[in-house]
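The values are calculated or read from the model by the stated rules, or taken from the named source; none is laboratory data. For clarity, every value in this text was computed on a predicted model and none was experimentally measured. Cβ atoms come from the backbone with ideal geometry, glycine included; neighbour counts cover every protein chain shown.
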Amino acid sequence: MTVKLFFDFIKYTLLVFVFFTPVDSLSQERITIPVLKGEIKFDGVVDDAAWDNIGQLKMVMHTPTFGNEPTEKSEVMICYTN
């Protein structure tokens, strides 16, 4: 009977934690995804004029140490069209 009470306690404690933890405190900063204006050519070279107004996303490492600057250079840009 005490084992069941223990597991019930753990279950309800986790439920309270999940439902009352502020979501904004765990999320990353918001970004604005711009509209692509112009034509792009998928040739592996980002030299089209349409990319000039698209900023690069900030990258962070996940392993071996979360949050550090990446050791390898990556350029990631995101946009959308209608």
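Summary table below
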{"quantity": "Some residue of region 50-58 being modelled with pLDDT of 80 or more, surrounded by 10 or more Cβ atoms within 10 Å (Cβ to Cβ) and of a type in the set (Lys, Arg)", "calculated": "yes"}
{"quantity": "Qualifying position, being modelled with pLDDT under 80 and assigned to a loop (DSSP other than H, G, I, E, B), among Glu69, Glu39", "calculated": "Glu69"}
{"quantity": "Of all residues in region 46-56 being of a type in the set (A, V, I, L, M) and under 13 Å from Met77 (Cα atoms), the one that is nearest to the chain's Cα centre (by Cα)", "calculated": "Ile54"}
{"quantity": "Of the criteria (1) at pLDDT 80 or above; (2) surrounded by 10 or more Cβ atoms within 10 Å (Cβ to Cβ), which one Leu15 fails", "calculated": "(1)"}
{"quantity": "Residue match in region 46-56 (condition: on the phi > 0 side of the Ramachandran plot and either in contact with a Ser or Thr (Cβ under 6 Å, 6 or more places away or on another chain) or not aliphatic (A, V, I, L, M) (or both))", "calculated": "no"}
{"quantity": "Region 22-36, subset part of a loop (DSSP other than H, G, I, E, B) and surrounded by 10 or more Cβ atoms within 10 Å (Cβ to Cβ), residue modelled with the lowest pLDDT", "calculated": "Ile31"}
